[in-house]
Amino acid sequence: MVEAVAITPKTEEGSEKDSSAGTEPSQSELLFKVVIIGESGVGKSCLLYRATSGSFRETYEVTIGAAFGSFTSRCNGRPVKLQIWDTAGQENFRSMVHVFYKGAHTVILVYDITRRDSFERLEDWLTEIMENASAGAKVALVGSQKDREDMREVATEVGEAFARKHGLAAFLETSAKTGEGITELFEQIVSLLCADRGTAVAPTKKKKRLVKGKKGKRAAGGKCC
Ligand SMILES: Nc1nc2c(ncn2[C@@H]2O[C@H](COP(=O)(O)OP(=O)(O)OP(=O)(O)O)[C@@H](O)[C@H]2O)c(=O)[nH]1
Ligand SMILES: [Mg+2]
C-alpha cells in the first residue's frame, strides 16, 4: 500500500523540531504524488507552470519524458506538499510514462476545451489510468484553455457529464493564461486527499475500478461530480 508520506522537519543539527514555533504540537509535512496526463498540446505543462511560478508560458515546449513541480498547502493546519509530475503527451515520448503512475494519489486528466479531439480521447486515457494507476488513486478532469471561449468546442456541461458518468473525483475548467481555476484545482485536490487521509492507495494492478468522489457533493469552490 502507498500512503501519504509524512516528513518531519529537522533542525540544522538534524534533530526534529516543532514547525509551528512552539504554539502548536509538531506537525510533519504530508506528501502526496500527483500525475498530469492528456493529449499533447492541451496545456499540461502550462498548468503546472502557472501553479508553481504564477505566470504563463506562451511558447510551446514539448515535454520529453516528464517534468516536476510542487504545490504546498495545508490540511487541517498541517503542511501538505503535492509532488506533481507533468508527463509527455506526444506518443513518441510516452514509453516511460507508465512509471510515473506508480504510487500516485491523484491523476489530473487534461483536455483542451477548444479541441474536440482531445476530449474524444478521454476514454482511452481512462483505460491507461486503469491499467497503470494505483487502486484508490483519484482522477480529476480538467478542461484547459478556458480563456479561449470564442474557440470552444466542448461545452462545460459535456465535460461535467463525462466526469459524472465515469465517477471522477473532480471536474474543473482552467486557464493557465489568466490563472483561472488553477489554484482552485490544486486546493481541491488537497481537500480531497486530506478528507481521505488514511485511505491508502494500493500498488498498481491491471483493470480495476476508479475511486469515485462523494456522490452529489460539490467540492469547495469548484464543480464536482
Ligand atoms: N490561450 C491559452 N493557451 C494555452 C493555455 N495553456 C496552454 N496554452 C498554450 O498551448 C500550447 C501547449 O501548451 P503545453 O502546456 O506545452 O502543452 P502540453 O500539454 O504540456 O504538451 P506536451 O508537452 O506535448 O504533452 C502552448 O503554446 C501554450 O502557450 C491556456 O490556458 N490558454
Ligand atoms: Mg508538456
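The values are calculated or read from the model by the stated rules, or taken from the named source; none is laboratory data. Bear in mind the structure is a predicted one, so any value in this text is a computation, not a measurement. Counting neighbours? That spans all protein chains shown, and the Cβs are built from the backbone with ideal geometry, glycine included.
Points worth noting:
- No other residue among Phe171, Phe186 is of a type in the set (Phe, Trp, Tyr), under 30 Å from Glu58 (Cα atoms) and in contact with an Asp or Glu (Cβ under 7 Å, 6 or more places away or on another chain) apart from Phe171.
- The stretch 67-92, residues that are within 9 Å of ligand 2 (Cβ to nearest atom) and either closer than 21 Å to Gly136 by Cβ or touching an Asp or Glu at 6+ places or on another chain (Cβ under 7 Å) (or both): Ala67, Thr87, Gly89
- For the stretch 55-68, the set of residues classified as farther than 14 Å from Ile182 by Cα and in contact with a helix residue (DSSP H, G or I) (Cβ under 8 Å, 6 or more places away or on another chain) consists of Arg57, Glu61, Val62, Thr63, Ile64, Gly65, Ala66, Ala67, listed by residue number.
- Verdict on Val34 being surrounded by 11 or more Cβ atoms within 10 Å (Cβ to Cβ), in a loop (DSSP other than H, G, I, E, B) and modelled with pLDDT of 50 or more: no
- Counted residues, the stretch 30-46 - those being within 9 Å of ligand 2 (Cβ to nearest atom) and out of contact with any strand residue (DSSP E or B) (no Cβ under 6 Å at 6 or more places or on another chain): 3
- Among the residues of the stretch 117-155, those that are free of Cβ contacts under 8 Å to residues at least 24 places away in the same chain and either buried (at least 19 other Cβ atoms within 10 Å of the Cβ) or part of a helix (DSSP H, G or I) (or both) comprise Glu120, Glu123, Asp124, Thr127, Glu149, Asp150.
- Out of Thr106, Thr183, Thr174, Thr156, sole residue that is within 12 Å of ligand 1 (Cβ to nearest atom), modelled with pLDDT of 95 or more and polar (S, T, N, Q): Thr174
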